[in-house]
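**Q** Below you will find the structure I want to go over with you.
The values are calculated or read from the model by the stated rules, or taken from the named source; none is laboratory data. Since we're looking at a predicted model, the values are computed, not measured. With ideal geometry, Cβ positions are generated from the backbone for all residues, glycine too; neighbour counts draw on all protein chains shown. Heavy atoms of the whole protein, side chains included, go into the accessibility calculation; ligands, DNA and RNA do not. Shrake-Rupley method; radii C 1.70, N 1.55, O 1.52, S 1.80 Å.
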Amino acid sequence: MTRGGWLLAMMMTAAACTDAGLYALGAGGAGGPDRAEFSINVCAPVASGAAFPVKVLFALEGGAAIDVALREELVAGLTNASTQFTSPGVGFGLLAHRAVATGLQGRFTVDQAELSTAFSRYNAFNQVGPMSHRAALLLAGSLLSGDMQTGCRGQVARTRYLVVLVMRSEDTSCNNPVFNAGIDPRCDAFARAGDFARCSECELARATEQLRRLAVRFNAGEVTVQPVVIRSAGDDLVRFQANAIARAGGTELVETAPGGVAMRLSTLNYASLQRALTLKRFIAMNANVRVRDGAQLVDSDGDGLPDEEEATFGTDPTLVDSDADGLGDGVEVRMGLKPQPGNVDVIRGCNATLDEDGDRLNDCEERVLGTDACITDSDGDAAPDLVEFLGGTNPLIPEDLADDDRDGLPNVGELEAHTDPTSADIAFQRERGYGYAIREARPTPDGRACYDVSAYNLGLVETLQRPSPNASGRTVLKGTNELHFYFQVGRENDPRGTGIGRVRIETVRFIAPATRRPRGVVTLSSDDFADGL
């Protein structure tokens, strides 16, 4: 298991349990020498920067009916919008539409050469025929879903997708079934009654709602649709249709005169996630403590094997990877490999020096375990892969409702309490289970949710002195315990949506029988936590 550097990412699927783990109230805590207690104030992260990408798809009405001056104005607006962002966190795509829609820049990019080529293709888009904004919305759905399916799940969860639909002419999809097969029957009922305007309003809203539902289907951060109407004489029906799109798209209609298009496009809101993020789970873990059958065991190197078992297997309790093949001893034992020195296992197609999702399982270990190297919570049960691996649950199967040992505490609850999910250790839960008290705190000035958390009764053990796992040459002192704190936020009422996290790792030294440093309750603030990447 890679131990190079602190964990910087925490992207796990959420389950609401903010009062979870109120075990052993008053037992041990800061007053017990082998227990630690933390008082923490933590806030939802600022959704900005490369960690929270924005992908903008411009859908431009085109064709022979768009005069040269307006084309130039539109291209100037696209150029202004794309060049004002130098960060790789904002990418752009482009499609043009009239009777049908055509992708001019199908993948999202920040490369100005690619975008300039796409903009020139728009100038050459001279399609004729009836206008179908519906075609643009449907193609946008295909492009967005393709990006979501092929992208890293963790990154998709933090991405805001914005479709900017530029409209000048009224939609006539319902009038032209040859070009627009598959109109929803509920909308088509208006067309059969001769009310084509209501049919188009209905169908455009439906297509927009389908676009927005992609966020739920693929656990994307957010999808919004922004219609921009270029004003012209007698365009009341265009406004009517655009307002239907805006309502369904989570935005408000934007209007502009033909000569103001460039300025309007460059001043749209291209910021990161706009939705509020709320607490889904808080979980603490001592990486140096394994719990088996109601007993607390020392795991000095934090590889998932207690020190006493390392002696049985012939591995080194102070080294994560005894045979130096890139796979931690605990991973090898769990998957039936040989971790003893001299047994080098070569896992082809991966790099043991990489930890793409930052969860401290390297990419080769993720391959062996079958977990996703691109997201910290592969199975979406609100517990990160590392916590599940060290805690003895299955990181491939959601276990927020499972209770394998039938002791009344679900498997994920056992992880929160740092107890054994495979034995009915009720007495241990009462005495040694981790406790949490969480309440809402005053939000930040910019409106982000904050929480006051007390995590207490966190068990400590006397570890062995060991070499630093990051190849720094330093020594980790005897008794050093590595405590992880995960703070998970996500969409409200979205128990399985991939979330966005913050993380902090603290060390506490314990030397038996009664020496603990630091003493008393340790206080952490939101600034101490790293945002998920």
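**Q** Which pairs have Cβ atoms under 7 Å, sit 6 or more apart or on different chains, and link a residue in segment 375-390 that is touching a residue at least 40 places away in the same chain (Cβ under 8 Å) to one that is of a type in the set (V, I, T) and assigned to a helix (DSSP H, G or I)?
**A** Matching pairs, first to second residue: D381/V412; A382/V412; A383/V412.
**Q** May I ask you to list the residues in segment 268-307 that are open to solvent by less than 20 Å² (accessible area, probe 1.4 Å), in a loop (DSSP other than H, G, I, E, B) and either under 19 Å from L477 (Cα atoms) or among the charged types (D, E, K, R) (or both)?
**A** Within segment 268-307, A287, N288, D299, S300, D301, G302, D303, P306 meet the criteria.
**Q** Select from segment 42-63 the residues that are more than 16 Å from the chain's Cα centre (by Cα) and more than 17 Å from A136 (Cβ to Cβ) and write down the one among them that is surrounded by the fewest Cβ atoms within 10 Å (Cβ to Cβ).
**A** If we take residues in segment 42-63 being more than 16 Å from the chain's Cα centre (by Cα) and more than 17 Å from A136 (Cβ to Cβ), then C43 is surrounded by the fewest Cβ atoms within 10 Å (Cβ to Cβ).
**Q** Of all residues in segment 393-430, how many are among the β-branched types (V, I, T), in a loop (DSSP other than H, G, I, E, B) and open to solvent by less than 50 Å² (accessible area, probe 1.4 Å)?
**A** Qualifying residue count, segment 393-430: 2.
**Q** How many residues are touching a Leu at 6+ places or on another chain (Cβ under 9 Å) and open to solvent by 20 Å² or more (accessible area, probe 1.4 Å) when one looks only at segment 326-357?
**A** So the answer is 9.
**Q** When segment 215-240 is examined, which residues are found to be open to solvent by 60 Å² or more (accessible area, probe 1.4 Å) and out of contact with any Ser or Thr (no Cβ under 8 Å at 6 or more places or on another chain)?
**A** If the condition is that a residue be open to solvent by 60 Å² or more (accessible area, probe 1.4 Å) and out of contact with any Ser or Thr (no Cβ under 8 Å at 6 or more places or on another chain), then V216, A233, G234, D236, R239, F240 are the ones that fit.
**Q** Report yes if some residue within segment 17-40 is assigned to a loop (DSSP other than H, G, I, E, B), under 25 Å from V225 (Cβ atoms) and modelled with pLDDT under 85; otherwise report no.
**A** No: zero hits.
**Q** Report every pair of residues separated by at least 6 positions or lying on different chains whose Cβ atoms are under 6 Å apart, first residue within segment 122-145 and free of Cβ contacts under 8 Å to residues at least 12 places away in the same chain, second among the aromatic types (F, W, Y) and open to solvent by 10 Å² or more (accessible area, probe 1.4 Å).
**A** So the pair list comes out empty.
**Q** Let me ask something additional. Could you list, ordered by first residue, the pairs with Cβ atoms under 6 Å in which the first is in segment 322-348 and more than 11 Å from L369 (Cα to Cα) and free of Cβ contacts under 8 Å to residues at least 40 places away in the same chain and the second is open to solvent by 50 Å² or more (accessible area, probe 1.4 Å) and basic (K, R), at least 6 apart or interchain?
**A** I347/R367
**Q** Just name the residue that is surrounded by the most Cβ atoms within 10 Å (Cβ to Cβ) out of those in segment 431-467 that are in contact with a Gly (Cβ under 9 Å, 6 or more places away or on another chain) and of a type in the set (V, I, T).
**A** The extreme case among them is T463.
**Q** For segment 54-65, what are the residues that are in contact with a Lys or Arg (Cβ under 7 Å, 6 or more places away or on another chain) and outside any strand (DSSP E or B)?
**A** Residues satisfying the conditions are G62, G63.
**Q** Quick check on segment 411-432. Is at least one of its residues touching a strand residue (DSSP E or B) at 6+ places or on another chain (Cβ under 6 Å), without any contact (Cβ under 8 Å) to a residue 40 or more places away in the chain and either within 17 Å of M285 (Cβ to Cβ) or not β-branched (V, I, T) (or both)?
**A** no
**Q** Kindly indicate whether any position in segment 424-434 is touching a Leu at 6+ places or on another chain (Cβ under 8 Å), closer than 18 Å to N288 by Cα and modelled with pLDDT of 95 or more.
**A** The answer is yes; a qualifying residue exists.
**Q** Which of the numbered conditions does R212 fail, given that it passes all the others? Conditions: (1) more than 30 Å from V489 (Cβ to Cβ); (2) under 29 Å from the mean Cα position of the chain (by Cα); (3) surrounded by fewer than 23 Cβ atoms within 10 Å (Cβ to Cβ).
**A** (1)
**Q** Which ranges mark the strands (runs of 3 or more DSSP E) fully within segment 71-169 that have 3 or more residues being more than 30 Å from V489 (Cα to Cα), open to solvent by 10 Å² or more (accessible area, probe 1.4 Å) and out of contact with any Cys (no Cβ under 6 Å at 6 or more places or on another chain)?
**A** 101-109
**Q** Return the only residue of V156, V163, V178, V128 being within 28 Å of A271 (Cα to Cα), at pLDDT below 95 and out of contact with any Pro (no Cβ under 8 Å at 6 or more places or on another chain).
**A** Matching residue, one of V156, V163, V178, V128: V156.
**Q** Go through (1) at pLDDT 90 or above; (2) farther than 22 Å from V289 by Cα for V346 and report which single condition fails.
**A** For V346, the exception is condition (1).
**Q** Looking only at segment 364-374, count every residue that is aliphatic (A, V, I, L, M) and in contact (Cβ under 8 Å) with a residue 24 or more places away in the chain and tell me the total.
**A** Counting residues in segment 364-374 that are aliphatic (A, V, I, L, M) and in contact (Cβ under 8 Å) with a residue 24 or more places away in the chain gives 2.
**Q** What is the one condition in (1) out of contact with any Ser or Thr (no Cβ under 9 Å at 6 or more places or on another chain); (2) of a type in the set (S, T, N, Q); (3) touching a residue at least 24 places away in the same chain (Cβ under 8 Å); (4) open to solvent by 40 Å² or more (accessible area, probe 1.4 Å) that N175 does not satisfy?
**A** So N175 meets the others, but not (1).
**Q** Tell me the residue from V238, V228, V223 that is assigned to a strand (DSSP E or B) and over 22 Å from G146 (Cα atoms), please.
**A** V228
**Q** Quickly run through segment 188-209 and pick out the residues that are open to solvent by 40 Å² or more (accessible area, probe 1.4 Å), touching a Lys or Arg at 6+ places or on another chain (Cβ under 6 Å) and among the small types (G, A, S).
**A** Those that are open to solvent by 40 Å² or more (accessible area, probe 1.4 Å), touching a Lys or Arg at 6+ places or on another chain (Cβ under 6 Å) and among the small types (G, A, S): none in segment 188-209.
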